[in-house]
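Read-outs: derived from the displayed coordinates by stated rules, not from any lab. Small disclaimer: the values here were computed from a predicted structure and weren't measured. Here Cβ is always computed from backbone atoms with ideal geometry, including for glycine, and neighbour counts include all displayed protein chains.
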Amino acid sequence: MNKLYIFLKYFFIVVWTVFVVAPFLWALTTSFKDFQSVNGGVTYIPWVDFEPNLEGWKVLIKSPAKGGVDIIEPYFNSLFVTCTASLISIILGTLSAYALSRYTFKAGFVKNNDITFFFISQRIMPPIVLSIPFFLFLSSINLLDSLTGLIVVYIVLLMPIAVWIMVDFFNKVPREIDETALIDGCNPYQAFLKVVLPNSIPGLIVAGMFCIIFGWIDFFFAFILTFTEVQLLPVKIVALNSSVTPWWSLSASALVSVAPLIIVAFIVERYLSKGNLSGAIK
Amino acid sequence: MDLVANNLSYKPDDQYYLNEVSFNFKEGNLYTILGRTLSGKTTLLKTIAGLLTPDSGEIEFDGKNFLKVPVWERNVAMVYQQFINYPHLNVFENIAFPLKQRKIDQSVINEKVMDALKSVGLVGFENRKIQELSGGQQQRVSLARSLVKNAKILLLDEPLVNLDYKLREQLREEFKNLFSKGLADETILIYSTTDPRETMELNGEVIVLDEGKVLQVGPAKEIFENPNSLKVAEISNDPPMNIIEAKILDNHIKFEGIDVEAPQHLSKLTEDGLKIGLRSSDIELNENGHEFEVELAEISGSETLLHLKRGNTKIIVSIEEVLNFKIHDKVKINFKINRAYAFHANGKLASSPFGGLNG
């Protein structure tokens, strides 16, 4: 019984690992192939099955004039837009989540839960519904095809995530901790910054991670709200796909685009296992 | 510097949390707020701390309107019944927190924190994380944090209730020592509890609170000897005082076929609807006594609590030894009737063996 359990455990772990890792390995090998190796049947092992070359990677940094797609500028655009929008969303989202968690709001029949739901409802709508209003809104304030415009739109999309996660998190931080901070001589702002926030780091990390992921992978709004001046990475990668599908450079760009998320995931994993609230209340 | 409250009321929904509460607390004294759960004890303490604003009424401290002073400027300290500390700080930083907030010199902080650690017996634990401490130690940290401030008003909200029996006894002793050590010279100590024994042991001025209303104020001994109403008698005794509906006729107390001679202090009461109150410790097992049926027998520590029934009368008897009884056993008991109280039909005290309102 026990042996069967161990066997099954490892069996499923191996199957799952293959599922997760295989696409990466496939993309990695493909990125070093050329037209011949991709179309010449199934090959996996470099130097044995096929002769690796850097053609796929070079396309990514060559200028369009030389037949490349220069993803460096879109890459940094994407980084800048994602990080700025995530940061602002986290700051605003955390503040509003704290208010929603600790204070009672009432406007007619609208109460705290309704306000929280209002934030989440922004995510429930299909993006296509929002696209036309966003387009018209950005064009009316002259921010179409600009980084600022994209940041504004992403804040609208990312802040609900931050609010949603942080409201739940703050609700779990005992209110008595805030009260004790007030009694110990903090004004409400100091109580929030010195006591509540340091105890909410796991929540902040989760919220931040979700914001970064959703911001980084968004294609739809990046595609609709930009034309020529500004381009983000997902849009640029799709632009690679011309009449002949260049699998090698698509693979290379795919790897480049998931790299930041992998790094974020590794850092976050460290922090998440560290901090917890146990001991605040027993 | 007195803390004076006038007609404090707080009614956030359709129930009173505080109902016209008034008091006059003097510095250097210990005040015990005795009441059952949900009687408004925590609400009252939070109102004094400034965490809640009453709907009406006034609080004055040192002659100044206290309600206009925000919490963080009130110089109060509070220990909660849950062990509230800052989980992201270690023991030393936790205790130093209120001092750092006042921008005091680091060397002074170190000295004061070490003093506080010493007085709660946690020397050597400075660098521990809060999560690594036991419940009792966590509560000592919060106590140290409230002592270190030299607050003018120290609020203790059922600080022992979440601890196990032995720790509770131990910490209670330490509290008494701390309180008597002159800490209270210029401090107003306010201690809330549900436990009548704790109240008697602390032996301070007692405020009996029920449903947000102050029922009786007085020294612990006075509350114990002369509870002014049925409610107070129930709240200030654990197990609650037995209430027996009885008639006094011709100098005899009669109920459920039992007939005992009325003691002198009850003999003149003849009205209808009279209720006789008798502490569970004032009833004893006796071969020649009256027969009752056992409904439940619980052994707690070194005493046995017997829940007895006869007709419609139910009483609880506490016996200072461990005895085994089965349900439906018959036992014979005797009443120490000269220790009996009498209450009017409206719940007010009619007569007490200690001379209160001798009827």
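Are there chymotrypsin sites (Phe, Trp or Tyr not before Pro) in segment A:10-75 that DSSP marks as loop and that have at most 15 other Cβ atoms within 10 Å, and which are they? Walk me through the numbers on the way to the answer.
Values: sites: A:Y10, A:F11, A:F12, A:W16, A:F19, A:F24, A:W26, A:F32, A:F35, A:Y44, A:W47, A:F50, A:W57, A:Y75; in loops: A:F32, A:Y44, A:W47.
Counting only loop positions with at most 15 other Cβ atoms within 10 Å, the chymotrypsin sites (Phe, Trp or Tyr not before Pro) in segment A:10-75 are A:Y44, A:W47.
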21 Å Cα-Cα threshold exceeded, pairs from B:K247/B:K336; A:K172/B:K68; B:K103/B:K149: A:K172/B:K68
What's the whole-number percent of alpha carbon pairs in segment A:218-264 lying beyond 11 angstrom? 70
So if I take the centroid of the Cα atoms in segment A:181-228 and the same for segment A:17-66, what is the distance between those two points in Å? 38
Based on the inverse mean of 1/r over its pairs of different Cα atoms, what is the Kirkwood hydrodynamic radius of segment A:141-208, in Å? 13.9
Enclosed volume per residue, in Å³, of the convex hull spanned by Cα atoms of segment A:72-239: 132
Could you pull out every one of the aspartates and glutamates with an alpha carbon less than 14 Å from that of B:K118, ignoring same-chain neighbours closer than 8 positions? B:E126, B:E174
Out of B:L266, B:N94, A:S78, whose Cα points farthest toward the positive end of the dipole of the protein assembly as shown (charges: +1 Lys, Arg; -1 Asp, Glu; placed on Cβ)? A:S78
When the Karplus curve 6.51 cos²θ - 1.76 cosθ + 1.60 is applied with θ = phi - 60°, which whole-Hz ³J(HN,Hα) does each residue of segment B:317-327 get, with x for Gly and Pro? 10, 10, 10, 7, 8, 8, 10, 9, 10, 9, 5
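From the helices alone, meaning DSSP H stretches of at least four residues, give me the mean residue ellipticity at 222 nm for the protein assembly as shown, per-run term -39500 (n - 2.57), in deg cm²/dmol to the nearest 500.
Details: 20 runs with 274 residues, N = 641.
Only helices count here, giving -13500 deg cm²/dmol.
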Determine, at each q value in 0.06, 0.08, 0.09, 0.11 (inverse angstroms), the log₁₀ of I(q)/I(0) that the Debye formula gives when each Cα of chain B is one equal point scatterer. -0.29, -0.49, -0.61, -0.84
The answer for GluC sites (Glu not before Pro) in segment A:159-234 that fall in a DSSP coil and have at most 14 neighbouring Cβ atoms within 10 Å is A:E229
Taking only Cα atoms and a 10 Å spring cutoff, compute GNM fluctuations for chain B and point out the largest among B:D282, B:D157, B:D55. B:D55
Along segment A:167-181, Karplus-curve 3J(HN,Hα) (6.51, -1.76, 1.60; θ = phi - 60°) to the nearest Hz, with x for Gly and Pro, reads 4, 4, 5, 5, 4, 8, 7, x, 4, 4, 5, 4, 4, 4, 4
Values of log10 I(q)/I(0), in the order q = 0.14, 0.23 Å⁻¹, for segment B:242-351 under a Debye, Cα-only, solvent-free model: -0.55, -1.26
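Just give me a number: lysine pairs in segment A:1-159, eight or more positions apart or cross-chain, with C-alpha atoms less than 21 Å apart. The partial results should precede the final answer.
Values: A:K33/A:K58; A:K33/A:K62; A:K33/A:K66; A:K58/A:K66.
Number of lysine pairs found: 4.
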So if I take the centroid of the Cα atoms in segment B:288-359 and the same for segment B:215-247, what is the distance between those two points in Å? 15
Which GluC sites (Glu not before Pro) does segment B:268-359 hold that lie in a coil by DSSP with at most 13 other beta carbons within 10 Å? B:E271, B:E320, B:E321
Quotient of Cα Rg and 2.2 N^0.38 Å for segment A:166-271, N being how many residues it contains: 1.63
From the phi angles alone, apply the Karplus equation (6.51, -1.76, 1.60; θ = phi - 60°) to segment B:258-275 and give each ³J(HN,Hα) in whole Hz, x where the residue is Gly or Pro. 9, 9, 10, 5, 6, x, 4, 6, 10, 5, 8, 7, 10, 5, 7, x, 5, 10
Could you pull out every residue, at least 5 positions away or on a different chain, whose amide H is within less than 5 Å of the one on B:K213? Hs are placed 1.01 Å off N in the peptide plane, and Pro or chain starts have none. B:N19
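Give me D for the protein assembly as shown in µm² s⁻¹, whole number, from Stokes-Einstein with Rh from the Kirkwood sum over alpha-carbon pairs, 4 °C and 1.567 mPa s.
Working: Rh = 31.0 Å.
Once the numbers are plugged in, D ends up at 42 µm²/s.
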What translational D, rounded to a whole number of µm²/s, comes out for chain A from Stokes-Einstein when the hydrodynamic radius is the Kirkwood one over Cα pairs, at 20 °C and 1.002 mPa s? 96
Relative to chain A, whose Cα atoms define the longest principal axis, helix A:2-31 and its Cα axis are tilted in degrees, nearest 10, by 60
For B:L156, other-chain or 5+-apart residues with amide H closer than 5 Å (H placed, Pro excluded) are B:V79, B:I190, B:Y191, B:S192
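Are any of the pairs A:K194/B:K152; A:K194/B:K112; A:K194/B:K166; B:K41/B:K129; B:K213/B:K275; B:K112/B:K176 more than 26 Å apart by Cα-Cα distance, and if so, which? Can you show the working numbers first?
Working: A:K194/B:K152 24 Å; A:K194/B:K112 21 Å; A:K194/B:K166 35 Å; B:K41/B:K129 31 Å; B:K213/B:K275 23 Å; B:K112/B:K176 21 Å.
Correct reply: A:K194/B:K166; B:K41/B:K129.
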